[in-house]
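What follows is one structure encoded as structure tokens, with my remarks underneath.
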Amino acid sequence: MSFHTNSYTIDEAKKKLENYCAYQDRCHKEVVQKLKGMRMIPEAIDQIVTHLIQENYLNEERFAQSFARGKFNIKKWGKNRIVNELKQRDISRFNITTALKEIDEEEYIKTLDTLAKKRLGQITEKNVQKRKKKLADYLLYRGWESHLVYAKLQELIKAP
């Protein structure tokens, strides 16, 4: 009985990773993890990553920009959450700053307003302080900056 272990040649791994990166923008960290999972040796990993960068399959700035746009537009995340998630992926400060420029300031404020009003409508709590806390927790968890959150609470929840 023979069992086949998955081992890849450099060219096979390159092809596989080209497809992986073409399907969706990836960060270096994800690509390296994927290659490690394929049991590639460090020298091969370096060679493949270099190839992917040279051929523009792997572009950390582009990854950061599409990540920021997507998390804001689809998940309605605030900038703090986006920044933290990018940092966890070892994205440079420069690319994080570039990524945040993808978010239109006016759209950002409008989204916070819509999100806060929608969430407030779902909170059944009658106590004003507890209502405020629930809304604040919800928005802060999603990464909205505290000064924006507290200004929004003042605007939306009036003390009796």
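Summarised as an ellipsoid, region 1-60 has semi-axes of 22, 11, 10 Å, derived from the eigenvalues of the Cα gyration tensor scaled by 5 and square-rooted, with the largest first. In the chain, the calculated helix contribution to ellipticity at 222 nm averages -22000 deg cm²/dmol per residue, counting -39,500 (n - 2.57) for every DSSP H run with n ≥ 4. When you restrict to C-alpha pairs under 8 Å that are six or more residues apart and normalise by the size of the chain, the relative contact order lands at 21 percent.
By the count of other C-beta atoms within 10 Å, a proxy for reagent exposure, 58, 100 are ordered fewest to most as 100, 58.
For residue 84 and residue 16, FRET efficiency with R0 = 45 Å and r from the beta-carbon atoms, rounded to 0.05?
Numbers: r = 30 Å, r/R0 = 0.67.
FRET efficiency, residue 16 to residue 84: 0.90.
Looking at 54, 73, 32, which one has the Cα that reaches farthest to the positive end of the dipole of region 12-81 (charges on Cβ: Lys, Arg +1; Asp, Glu -1)? The residue sitting farthest along the positive end of the dipole is 73. Among the GluC sites (Glu not before Pro) in region 21-96, those placed in a DSSP loop whose Cβ has at most 14 other Cβ atoms within 10 Å are 55. Each of 48, 41 was scored by other Cβ atoms within 10 Å of its Cβ. Arranged with the fewest first, they read 41, 48.
Holding the Cα-Cα limit at 20 Å, pick out from 14/36; 75/118; 34/76; 87/134; 117/158; 87/117 the pairs that are longer than that. Let's see the in-between values first.
Working: 14/36 13 Å; 75/118 14 Å; 34/76 28 Å; 87/134 27 Å; 117/158 13 Å; 87/117 30 Å.
The pairs that break the limit, which is 20 Å between Cα atoms, are 34/76; 87/134; 87/117.
Taking trypsin sites (Lys or Arg not before Pro) across region 78-160, the ones in a DSSP loop with at most 10 further Cβ atoms lying within 10 angstrom of their Cβ are 101, 126, 158. Enumerate the aspartates and glutamates that residue 152 could reach by cross-link, defined here as Cα to Cα under 20 Å, with residues fewer than 8 away along the same chain left out. By straight Cα distance, residue 152 reaches 104, 105, 106, 107, 113, 125, 137. As a length-normalised measure over Cα pairs under 8 Å and 6 or more apart, the relative contact order of region 60-100 settles at 64 percent. The candidate values are [x] 2, 10, 16, 19, 16, 12, 9, 7, 5, 3, 1, 0, 0; [y] 2, 7, 14, 14, 12, 11, 12, 11, 8, 5, 2, 0; [z] 1, 8, 16, 15, 12, 10, 9, 8, 7, 6, 4, 2, 1, 0, 0, 0; the one derived from this structure for P(r) over Cα pairs in 5 Å bins from 0, in percent carries the label [z].
Read-outs throughout are calculated quantities, based only on the coordinates presented, and are distinct from any laboratory measurement. On a predicted model such as this, the values are computed, not experimentally measured, just so you know. Note that each Cβ is placed from the backbone with ideal geometry, even for glycine, and that neighbours are counted across all protein chains shown.
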